[in-house]
Amino acid sequence: GPLEEVSIPLYFGWFLLFSVKNKIKCTSMDFLKTLDTLDAFKKHSVDSEKEVDLEQYFKPAGILHCTTKFCDYGKAEGAKEYAENQAVIKSYGSISDLSLSAFFVTPRTCGARVYLTEEQLQLWPADAEKQAEPVPEAAASLPLGSRAHITLGCAEGVEPVQTGIDLLEILAQQESQQGELVEEMELGSLTYYGEGKWLLNLREPICVPACFSSIYG
Ligand code: A2P
């Protein structure tokens, strides 16, 4: 009945604890600032004459989180099964560390890659890498959890769901060694994947505590 449907949220995910939000925002801003000023970045810009201010370009994301399952209040495929999964019920409300392994930027989105533990993978839907449209073809063969990310910002008019798709595209390119190593930075190595896609692999992953929960609003 309708009441039952109400009990399925918009999405499940890991929500960064309040205390670390600013840290991640600052680190990602630093990354954007550094990228902005790199000659290589200017060279690959669509209009190399025009200065791009990345911090202005991306509208900051609201609640910092890593989506596990987008349920759309039960309308999404597999939503009910996910909400009723024992691992999901058992872990609901628990806190674990998310390991951020990379930052990435495309003309559409800016995000952080999340490297999931075996335990966290128990909460990861088997079809997450194949679900949203359009998913890059090569992404179907990427390991489970490849799509895990935190959306940090989106360009004007871009929906956050795009961030995971952009990440999958970059990882598929990484798999077939298409990237061009541009610079060794203090934070890690910066690789360019063409068409405005950049990924900074962090030397030291950033660990942030997060609560597994859901959003209804
Ligand atoms: P993401 O996880 O990349 O940030 P919205 O605000 O558009 O309703 O989305 C709410 C959250 O659910 C966002 O975090 C968004 O993307 C994610 N999301 C939206 N649609 C999908 C989808 N079709 N598949 C997976 N995640 C989605």
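The values are calculated or read from the model by the stated rules, or taken from the named source; none is laboratory data. Keep in mind the model is a prediction, meaning the values are calculated, not measured. No Cβ is skipped: glycine too gets one built from the backbone with ideal geometry, and neighbour counts run over all protein chains shown. Just so you know, the surface numbers come from the protein's heavy atoms only, side chains and all, with ligands and any DNA or RNA stripped out. Shrake-Rupley method; radii C 1.70, N 1.55, O 1.52, S 1.80 Å.
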Tally up the carbon and sulfur contribution to the accessible surface of the chain as a whole percent, 1.4 Å probe, everything protein left in place. 53 percent
Does segment 104-189 come out rounded, prolate or oblate by the C-alpha gyration tensor, with a ≥ b ≥ c the root eigenvalues, rounded set by a/c under 1.5 and, if not, prolate when a/b is larger than b/c and oblate if not? rounded
5 angstrom amide H check on GLY188, placed H, neighbours 5+ away: ARG203
In segment 24-116, lysine pairs with alpha-carbon atoms under 25 angstrom apart (chain gap of 8 or more, or interchain): 17
Along Cα→Cβ, 7 Å out, is where each label goes; now give me the distance between the ones at LYS21 and GLN178 in nm to one decimal. 3.6 nm
For the chain, what does the helix formula give at 222 nm: sum of -39500 (n - 2.57) over DSSP H segments with n ≥ 4, over the residue count, nearest 500 deg cm²/dmol? -8500 deg cm²/dmol
Measure nothing fancy, just the Cα-based angle from helix 161-175's long axis to the longest principal axis of the chain, in degrees from 0 to 90, nearest 10. 60 degrees
